[in-house]
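**Q** Take this structure first; my questions come after.
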Amino acid sequence: MSIDANAFRERLESERERLARARQAVNHTESLLEETGDLAIGAGDHLADSASETFMRELDGGLDENAEHVLAEIDAALGRIEDGTFGTCTVCGRPIGEERLEAVPYATLCIDDQRALERA
């Protein structure tokens, strides 16, 4: 199987840039009180407003954490492209199917080994 490593490199780098921008969008540099002013936090404000703002802040934190994880996977995939191991299963050494790489370009396991891992 011949994988177009350059095409995957471009796709991974593009996804890396998109995720970096998304992380910036959810990165909060101010406290919740500073961001919302007196609209949601403070004496006499509605508890539901405060809860909504807190929930959104926590959701942003989860999105940031997930993006950080995927960025690490992308960086590792780019490293595999550089060292010539991209598209090779890290468990069995067989090629990872191109369809799988299209779906998950930073995959490290062939579909059979991924399924075995999920069953375990």
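The values are calculated or read from the model by the stated rules, or taken from the named source; none is laboratory data. It should be emphasised that the depicted structure is a prediction, and the values quoted were computed from it without experimental measurement. Here the Cβ is made from the backbone with ideal geometry for all residues, glycine too, and neighbour counts use every protein chain on show. For accessibility, only protein heavy atoms count, side chains too; no ligands or nucleic acids. Shrake-Rupley method; radii C 1.70, N 1.55, O 1.52, S 1.80 Å.
**Q** Name the residue that is modelled with the lowest pLDDT, counting only residues in region 1-45 that are over 26 Å from Glu73 (Cβ atoms) and of a type in the set (A, V, I, L, M, F, W, C).
**A** The qualifying residue modelled with the lowest pLDDT is Ala40.
**Q** Follow-up question, since we're still on this one. Consider region 93-120. How many of its residues are open to solvent by 60 Å² or more (accessible area, probe 1.4 Å), farther than 16 Å from Ala7 by Cβ, at pLDDT 95 or above and assigned to a loop (DSSP other than H, G, I, E, B)?
**A** Of the residues in region 93-120, 1 are open to solvent by 60 Å² or more (accessible area, probe 1.4 Å), farther than 16 Å from Ala7 by Cβ, at pLDDT 95 or above and assigned to a loop (DSSP other than H, G, I, E, B).
**Q** Give me the pairs: first residue in region 1-12 and in contact (Cβ under 8 Å) with a residue 60 or more places away in the chain, second residue open to solvent by less than 40 Å² (accessible area, probe 1.4 Å) and acidic (Asp, Glu), beta-carbon distance under 7 Å, and six or more apart or on different chains, which are they?
**A** So the pair list comes out empty.
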